[in-house]
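Asks: I have a structure here, written as structure tokens, and I will follow up with some questions on it.
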Amino acid sequence: MAIILNIETSTKNCSVSIAQNGKILAIKELNNGNYSHAEVLHPFIEDVLQEANILKPKINAIAVSKGPGSYTGLRIGVSAVKGLCFALNIPLISIDTLTSLSYAVDIEEGVIIPMLDARRMEVYAAVFNKNNQQIKTTTAQIINENSFAEYLENNKVYFLGDGAHKCKEIITHKNAFFIDDKFPSSKEMAKLSFEKYKKNDIEDVAYFEPFYLKDFIVIPEKKKKPTF
């Protein structure tokens, strides 16, 4: 039996679940349009443990969404998980964010393109087949009318995630379908983390870092002109 705590903070959806052998026992999420992870993450962890009637020493591993996504969100999630794994002396499991998001939709044919909002008209995206097998590596790309044309030509393409809204008015191909209100969630992480746990596919807690995909850029504030 494996009790795994799953934590997802890569987007504005702060999501925590506790699962037994891949089946959700309790889940708590908040997506209020803000990055409130710093305030709600630890209370959510306590809430799901209490709801499932599980004490922290009973947890066998903790899984975290590793990115890509929000730099700040990923840092908060990974830092929290590292601290808990050290304290409880249990393994850390990382889950690719776009892989997890691809499981939020079931299709019979075509491909799934989960995408996360980046800057301006840019998204982080990957391509998966109907069996959630990744067929194109994760990239950061600027969206235009020719984006994903090689898949749209011969397949139904399902776009989801908080980056998909950027594409609706730009990608107008008849094979393009946009699925609203789908975000990375600890719900989809549960099955994936259990599969990794069974294979002992774990991270080095001390050295694990999120998958940012792009370097974090700090935009300096403009200096105010002195007034005399």
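Asks: Go ahead and estimate [θ] at 222 nm for the chain from helices alone: -39,500 (n - 2.57) per DSSP H run with n ≥ 4, summed, over the residue count, rounded to 500.
Replies: -7500 deg cm²/dmol
Asks: Which distance in nm do the two modelled labels at K130 and K23 give, with both placed 7 Å along the Cα-to-Cβ direction?
Replies: The modelled label-to-label distance comes out at 2.8 nm.
Asks: For a quick protection proxy, order the peptides 186-198, 53-65 by their average other-Cβ count within 10 Å, most packed first.
Replies: Highest mean packing first, the order is 186-198, 53-65.
Asks: Equivalent-ellipsoid semi-axes (√(5λ), Cα gyration tensor) for the range 105-179, whole Å, largest first?
Replies: 18, 14, 11
Asks: So how much slack lies between H42 and T72, counting 0.36 nm per residue of separation and subtracting their Cα-Cα distance, in nm?
Replies: Difference between extended and current length: 9.2 nm.
Asks: Could you please state, rounded to a whole Å, how far the C-alpha centre of the range 122-166 is from the C-alpha centre of the range 57-108?
Replies: Computed from Cα coordinates, the inter-centre distance equals 23 Å.
Asks: Now for a separate question. So if each residue of separation counts as 0.36 nm, and I subtract the Cα-Cα distance between N155 and L55, what length gain in nm does that give?
Replies: Roughly 31.3 nm would be gained on extension.
Asks: What number results when the radius of gyration of the chain, computed over Cα atoms, is divided by 2.2 N^0.38 Å?
Replies: Computed over Cα atoms of the chain, the ratio equals 1.08.
Asks: For each pair in K156/K191; K136/K196; K82/K191; K58/K214; K166/K199, compute the distance between the two Cα atoms and list the pairs where it is over 30 Å.
Replies: The answer is K58/K214; K166/K199.
Asks: Please give me, ordered by residue number, the GluC sites (Glu not before Pro) of the range 87-186 that lie in loop per DSSP and have at most 14 other Cβ atoms within 10 Å.
Replies: Taking the range 87-186 and a limit of 14 other Cβ atoms within 10 Å, the loop GluC sites (Glu not before Pro) found are E108, E109, E145, E153, E169.
Asks: A further question follows. Mean Kyte-Doolittle of at least 0.0 and a Cα length of 20 Å or more along the axis: which whole DSSP H helices of the chain meet both?
Replies: Flagged H segments are 37-52, 71-88.
Asks: 7 Å from Cα along Cα→Cβ at both Y212 and A140: what's the point-to-point distance in nm?
Replies: Taking the two extended label points, one gets 0.9 nm.
Asks: Using label points projected 7 Å from each Cα along Cα→Cβ, tell me how many nm separate A87 and N31, to one decimal.
Replies: Label-label distance for A87 and N31, simple model: 2.8 nm.
Only the coordinates and a few stated rules stand behind these numbers; no lab work does. Because the structure is a prediction, the values reported are computed rather than measured. Every residue, glycine as well, gets a Cβ built from its backbone with ideal geometry; the counts of neighbours run over all protein chains shown.
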